[in-house]
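One structure follows; several queries about it will come next.
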Amino acid sequence: MFLRYARATVLDDITLDLPAGRMIGLIGPDGVGKSSLLSLLSGARAVQEGRVEALGGDMASKAHRDAVCPRIAYMPQGLGRNLYPTLSVEENLQFFARLFGHHAAERRRRIDELTRSTGLHEFLSRPAGKLSGGMKQKLGLCCALIHDPDLLILDEPTTGVDPLARAQFWDLIARIRQSRPAMSVLVATAYMDEAERFDVLLAMDAGRVLATGTPQELLARTATASLEEAFIQLLPEEKRRDYAPVVIPPLQAGGEAEIAIEARNLSMQFGQFKAVNQVNFRIRRGEIFGFLGSNGCGKSTTMKMLTGLLPATAGEASLFGKPVDPKDIDTRRRVGYMSQAFSLYSELSVRQNLVLHAQLFHVAAAEIPARVDELAQRFGLQEVLDSLPEALPLGMRQRLSLAVAMAHKPELLILDEPTSGVDPIARDNFWRLLIELSRRDRVTIFISTHFMNEAARCDRISMMHAGQVLDSDTPAALVAKRGAQTLEQAFIGYLVEASGSGDAGVPPPETALILESTQAPTQALTRLRHSRFSLQRLFSYMWREALELRRDGVRATMALGGSLLLMFVIGYGISLDVQDLRYAVLDRDQTSLSENYALNLAGSRYFIEQPAISDYESLDRRMRSGELSLAIEIPPGFARDVLRQRPVQIGVWLDGAMPTRAETVRGYVMGIHQQWLMAQARERLGLRNFGNVRIETRYRYNPDVKSLPAMVPAVIPLLLLMLPAMLTALAVVREKEMGSIINLYVTPVTRAEFLLGKQLPYVALAMLNFLLMSLLAVTVFGVPITGSYPALLLAALIFSVSATGMGLLGSAVTRSQIAAIFITVLATIIPAVQFAGLINPVSSLEGVGRFIGEIYPVSYMFNISRGVFSKGLGLADVQGALWPMALSAPVIIGAAIALLKKQER
């Protein structure tokens, strides 16, 4: 089996035969292909080359994947990645139970049984996003077990979880296996100590399987005492050449008086929640100090207070003998920070990243080249200085992050789980650098980690729980105090004691997980296999989306308030009315007749007279500044030539920056000019008839020819297209960004059920928007509805389905929210404004523009809206426009369903 991403080979000629009914572990660092292999076995990723069989069939076959999907449970990598953070524990479980077809009574029984067995029952109403890391993983496991799987796949389920939560998690897995001995469990892990629990191990590196066997067989084959040492021995020769175990020299004695960090009764309170409660410790200069604690215990908050990023509620913190002050930049420059996630600039080379961070910390420009060379030599980056960070192995990226943190020669280095996911050799090399910084340069190192073998290398460690420091001492002393065999056992003992319960919330071993269904299992699974379309699954996604929409204030405000605000902006902002034009006259005749001509213009409702123009320079200046839209020049001898019936030319200067407006103004001036001439002919020549034919213009609809009655009925469809389409697109693509799209890949839900379930809440929201905008049009804008409102309501419903379908279509072909918004705007607003008849009728367009206008749904909605508002049209009158819109909806949604993938490619 092979798997490639672009030019990288992720899985390289893998051939495996894994036994059923066993617990099989995949061990190795990040990036060796563990997650890719598990996603292929679960059906979440498409098979590229080779053959993958699971539960008796080919996973490349859609029919087999559909048949075995209810028998496989897949828990992806990442804390709660398959969960929905705004939904409660109860709601997450209800959602997954509905996807697998359980009825209400069965859902209740399974949820109660699973949550009682995992200690989550008292947290049923808590949002998943507010659970600790360990509780999130337990909830993710409950969601995976809601349907009695035969194959349970867990991708690094305990990464980033504290030792106590890890122990609870594996005890739970053990009890599940006792109740379901035939269930197969596949686990990927980076923790070698927990791999000892598994029946069979697969050691992987660079997309290949290094060895397979039981833990005891691998230890015997490599003649080592631990799985970490065994893994190092199994690596290719070129990777373990010159490797030697890490040796930590003792901390130099006599430096106890030099204190780098000190916390005295340090506390932090958020509202009623006390995150940190009277923490006390002292860290001497050059010491490697480990910070251990359960998830959410306050470690990160304490680190932020110690570095001045967060002001303490009470207590004191000092750095190098000075009180921590967020405004004291000099003290903060003595601190370097390296986050757990890689946070450098991927578009900059290694050298550019080092130079940039040296500049950010005000290293003298003349010293930067030498400083970069020194860092590259010290951290082994000489050969990759011109490479981009993305092209580097994970271990080298960690060294780059450390080099960047040391660019300004800090005296204190704060590291947040710096070696997570790194292979053992790279981790040991990283620790050699830390030891050199500590012992040679006397840099104080403050490190948080969940790896117990790393914690054991620290000079001292502090154990924290629920905002309080439980104890601080050397690792050996802490183990001795607890009477434990290992540091992990000692840490768990401290946490259990601090929780006030002998079992720390772990259910008793006899609490078996017996999840046999009260509804016939075989028939239920058969129904799920052959159900092409399920209203229950559709409803499950619709219910979940409606809950998230109701709880997301930003989206709700954007959906309702945004459309009303934009209606005001567009309704009043886009006006075709040309009135209140500022004009002035350059009267070079200064006679009563020239004044009469100027007064004729001033009497029009379209014009506002401004102070007279004195000369051509003034005319040019006032036109340039925008003070005047129109200037009238009356030439010398105007009255004399008019009275003598000689040809007279009047100068009219127009602001032509907006051609359409200028043409309208020109028509106004010509009309007023003709009226003045006729008035003069009647008064001075006694003429009464100017022809036998007289044309009187009458407007049947919108008789006052105002913009509001024309624009408001068009703005409603425009907003009904734009916002629902954008919100629907974001709703789908957000699942891709968060990772919860995996639930589409590994559950029985079909693409149609997924998309329609996501769409329907936004159709309902669009209809509510339509009702509010209709009310606004009648009451605020004063545009009456003269036709059949039920006909308009039906058209709005059909159009909302098409509009939200465009959002689904945009999200099906994009992977980020920014790209989805961009595509949706391009596909909706631009065609609606340019080709759909918003300003110019579709019938006046030609070529491609005419074709787009004819097939675009909003063209017909514009006609229906204007017809019902202004022309008094009824249902029978708009049927011709309803049918094209009705046909567009299934076409658009069908295209979205076809383009959305049910597997990762």
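Calculate, for residue 658 and residue 620, the FRET efficiency according to 1/(1 + (r/R0)^6) with r their C-beta to C-beta distance and R0 22 Å; round to the nearest 0.05.
Working: r = 19 Å, r/R0 = 0.86.
Here the calculated transfer efficiency is 0.70.
Could you state the accessible area per residue of the chain in Å², with a 1.4 Å probe and every protein chain left in place? List each step's numbers first, then the result.
On the way: 41030 Å² over 905 residues.
I get 45 Å² per residue for this part.
Any idea which of 831, 865, 563 is furthest toward the positive side of the dipole for the chain, if Lys and Arg beta-carbons carry +1 and Asp and Glu beta-carbons -1?
Value: 865.
HN-Hα J couplings of the stretch 584-599 from phi, Karplus 6.51/-1.76/1.60, θ = phi - 60°, integer Hz, Gly and Pro as x?
Residue by residue, the stretch 584-599 yields 9, 10, 9, 8, 9, 9, 6, 10, 5, 5, 5, 5, 5, 5, 5, 5 Hz.
Roughly speaking, to the nearest percent, how much of the stretch 130-239's 1.4 Å accessible area is carbon and sulfur? If you can, show how the numbers build up before the last one.
Numbers: 1710 of 3470 Å².
C and S fraction of accessible area: 49 percent.
So what's the back-of-envelope 222 nm ellipticity for the chain, counting only DSSP H runs of four-plus at -39500 (n - 2.57) apiece and dividing by all residues, rounded to 500? Write out the running numbers ahead of the final one.
On the way: 34 runs with 430 residues, N = 905.
Calculated at 222 nm, the ellipticity per residue is -15000 deg cm²/dmol.
What nm distance separates the two modelled labels at residue 116 and residue 224, each placed 7 Å from Cα along Cα→Cβ?
Modelled inter-label distance: 4.5 nm.
For the chain, what proportion of DSSP beta bridges, expressed in % and rounded to the nearest 5, is antiparallel?
On the way: 36 of 81 bridges.
Approximately 45 percent, going by the DSSP bridge assignments.
Just subtract the alpha-carbon distance of residue 485 and residue 171 from 0.36 nm times their residue separation and send over the number in nm, one decimal. Display every interim value, and only then the final one.
Numbers: separation 314, 0.36 × 314 = 113.04 nm, distance 1.93 nm.
Result for the pair: 111.1 nm of gain on full extension.
Something else now. Would you grab the residues whose amide H sits under 5 Å from the one on residue 10? Only those 5+ places off in sequence or on another chain, please, with H modelled 1.01 Å from N.
3, 4, 5
When only alpha-carbon atoms count, how far does the stretch 830-885 stretch along each of its three principal axes, as whole angstroms with the largest first?
31, 21, 17 Å, listed from the longest principal axis down.
While we're on this one: Magnitude of the Cβ-charge dipole of the stretch 224-366, K/R +1 and D/E -1, about the Cα centre, nearest 20 debye?
Numbers: 16 positive and 14 negative charges, 83 e Å.
Computed charge dipole of the stretch 224-366: roughly 400 debye.
Quick check: net charge around residue 235, other residues with Cβ under 14 Å of its Cβ, Lys/Arg +1 and Asp/Glu -1?
Details: positive: 208, 221, 239, 240, 241, 427; negative: 205, 228, 229, 237, 238, 242, 423, 428.
Here the count lands on -2.
Rounding to the nearest 20 debye, state how big the charge dipole of the stretch 87-215 is about its Cα centre with +1 on each Lys and Arg Cβ and -1 on each Asp and Glu Cβ. Write out the running numbers ahead of the final one.
Numbers: 16 positive and 17 negative charges, 88 e Å.
The dipole of the stretch 87-215 has a size of about 420 debye.
I've got another one for you. For residue 128, what is the net charge nearby, where nearby means another residue's Cβ is under 14 Å from its Cβ and Lys, Arg count +1, Asp, Glu -1? Don't skip to the end; give the middle numbers.
Values: positive: 81, 126, 130, 136, 138, 544, 551; negative: 90, 91, 548.
Neighbourhood net charge equals +4.
Can you work out the FRET efficiency for the pair residue 608 and residue 679, with r the C-beta to C-beta distance and R0 = 30 Å, to the nearest 0.05? Intermediate results must be reported in sequence, preceding the final value.
Numbers: r = 22 Å, r/R0 = 0.73.
For R0 = 30 Å, the calculated efficiency reads 0.85.
Straight-line reach from residue 239: which lysines fall under 22 Å, measuring Cα to Cα and dropping same-chain residues less than 8 apart?
Output for residue 239: 34.
Using only Cα atoms and rounding to the nearest 10 degrees, what angle (0 to 90) does helix 424-439 make with the longest principal axis of the chain?
It is inclined by approximately 90 degrees.
What distance in nm separates the two pseudo spin-label positions at residue 237 and residue 252, each 7 Å out from Cα along the beta-carbon direction?
Here the answer is 4.2 nm between the modelled labels.
Something else about it: Mind giving me the FRET efficiency for residue 751 and residue 432? R0 is 45 Å, r the Cβ-Cβ distance, nearest 0.05 is fine. If you can, show how the numbers build up before the last one.
Details: r = 51 Å, r/R0 = 1.14.
Result of the calculation: an efficiency of 0.30.
I would also like to ask the following. Which entries of 130/327; 304/327; 706/871; 130/758; 327/409; 736/901 show an alpha-carbon separation above 22 angstrom in the structure shown?
On the way: 130/327 32 Å; 304/327 14 Å; 706/871 15 Å; 130/758 24 Å; 327/409 20 Å; 736/901 11 Å.
From the list (130/327; 304/327; 706/871; 130/758; 327/409; 736/901), the Cα-Cα distance tops 22 Å for 130/327; 130/758.
Calculate the spin-label point distance for residue 599 paired with residue 13, positioning each point 7 Å from the Cα along the beta-carbon direction, and give it in nanometres.
Each label point is offset 7 Å from its Cα along the Cβ direction, giving 10.3 nm.
A further question follows. Please compute the Kirkwood hydrodynamic radius of the stretch 121-190 from all pairs of different C-alpha atoms, in Å with one decimal. Spell out each step's value before the answer.
Details: mean 1/r = 0.0778 Å⁻¹.
Across the stretch 121-190, the inverse of the average 1/r is 12.9 Å.
When Lys and Arg each count +1 and Asp and Glu each count -1, what net charge do the other residues less than 14 Å away from residue 159, Cβ to Cβ, add up to?
On the way: positive: 34, 81, 136, 166; negative: 30, 155, 156, 162, 193, 194, 417.
Result for the neighbourhood of residue 159: -3.
Quick one: Karplus J couplings for the stretch 141-151, per residue in order, coefficients 6.51, -1.76, 1.60, θ = phi - 60°, nearest Hz, x for Gly and Pro?
Ordered by residue, 3J(HN,Hα) equals 5, 4, 5, 6, 8, 5, 10, 6, x, 8, 10 Hz.
May I ask you to compute the full-extension gain from residue 269 to residue 797, defined as 0.36 nm times their residue separation minus their alpha-carbon distance, rounded to one decimal in nm?
Values: separation 528, 0.36 × 528 = 190.08 nm, distance 4.97 nm.
Contour length minus the Cα-Cα distance gives 185.1 nm.
Normalised by the empirical 2.2 N^0.38 Å for globular proteins, what value does the Cα Rg of the stretch 187-246 take?
Values: Rg = 11.2 Å, N = 60, 2.2 N^0.38 = 10.4 Å.
Cα Rg divided by the expected 2.2 N^0.38 Å: 1.07.
While we're on this one: Run the numbers for residue 49 and residue 789: contour at 0.36 nm per residue of separation, minus the present Cα-Cα distance, in nm. Could the numbers behind the result be given before it?
Values: separation 740, 0.36 × 740 = 266.40 nm, distance 5.82 nm.
Working it through step by step, the gained length comes to 260.6 nm.
Along the charge dipole of the chain, which of 800, 404, 585 sits closest to the positive end, that is, farthest toward it, with unit charges on the beta carbon of Lys, Arg, Asp and Glu (+1, +1, -1, -1)?
Of the options given, the answer is 585.
Could I ask something else about it? Report, in debye and to the nearest 20, how large the dipole of the chain comes out about its Cα centre when Lys and Arg carry +1 and Asp and Glu carry -1 on their Cβ. Spell out each step's value before the answer.
Values: 94 positive and 89 negative charges, 448 e Å.
In total the dipole reaches around 2160 debye.
Using the eigenvalues of the Cα gyration tensor, what equivalent ellipsoid semi-axes result for the stretch 387-481 when each is taken as the square root of five times the eigenvalue, whole Å, largest first?
Taking √(5λ) for each eigenvalue gives 26, 16, 13 Å, largest first.
Next question. Can you give the Kirkwood hydrodynamic radius of the stretch 214-340 from its Cα pairs, in Å with one decimal? Please list the in-between numbers first.
Values: mean 1/r = 0.0551 Å⁻¹.
Averaging 1/r across every pair of different Cα atoms and inverting gives 18.1 Å.
Under the √(5λ) rule applied to the eigenvalues of the Cα gyration tensor, what semi-axes describe the equivalent ellipsoid of the chain? Give them in Å, descending.
Working: eigenvalues 965, 299, 123 Å².
So the equivalent ellipsoid measures 69, 39, 25 Å along its semi-axes.
Applying the Karplus parametrisation 6.51 cos²θ - 1.76 cosθ + 1.60 with θ = phi - 60° to the phi angles of the stretch 457-469, what ³J(HN,Hα) value in whole Hz is obtained for each residue in order, glycine and proline being reported as x?
With the stated coefficients, the stretch 457-469 comes to 7, 6, 5, 9, 9, 10, 9, 10, 7, 6, x, 10, 7 Hz.
May I ask you to give the percent of accessible area on the stretch 763-864 that is carbon plus sulfur, with a probe radius of 1.4 Å?
Working: 3200 of 4410 Å².
Whole-percent figure for carbon plus sulfur exposure: 73.
Related question: Just to be sure I understand: if I project the alpha-carbon convex hull of the stretch 137-259 onto a plane and average over all orientations, what area do I get in nm²? All intermediate terms of the calculation are to be shown ahead of the outcome.
Values: hull surface 47.0 nm².
That works out to 11.7 nm².
The values are calculated or read from the model by the stated rules, or taken from the named source; none is laboratory data. Only a predicted model underlies this, so the values are computations on that prediction, with no experimental measurement involved. Glycine also receives a Cβ, built like all others from the backbone with ideal geometry; neighbour counts cover every protein chain displayed. Areas reflect the complete protein model, heavy atoms only, side chains present, ligands, DNA and RNA absent. Shrake-Rupley method; radii C 1.70, N 1.55, O 1.52, S 1.80 Å.
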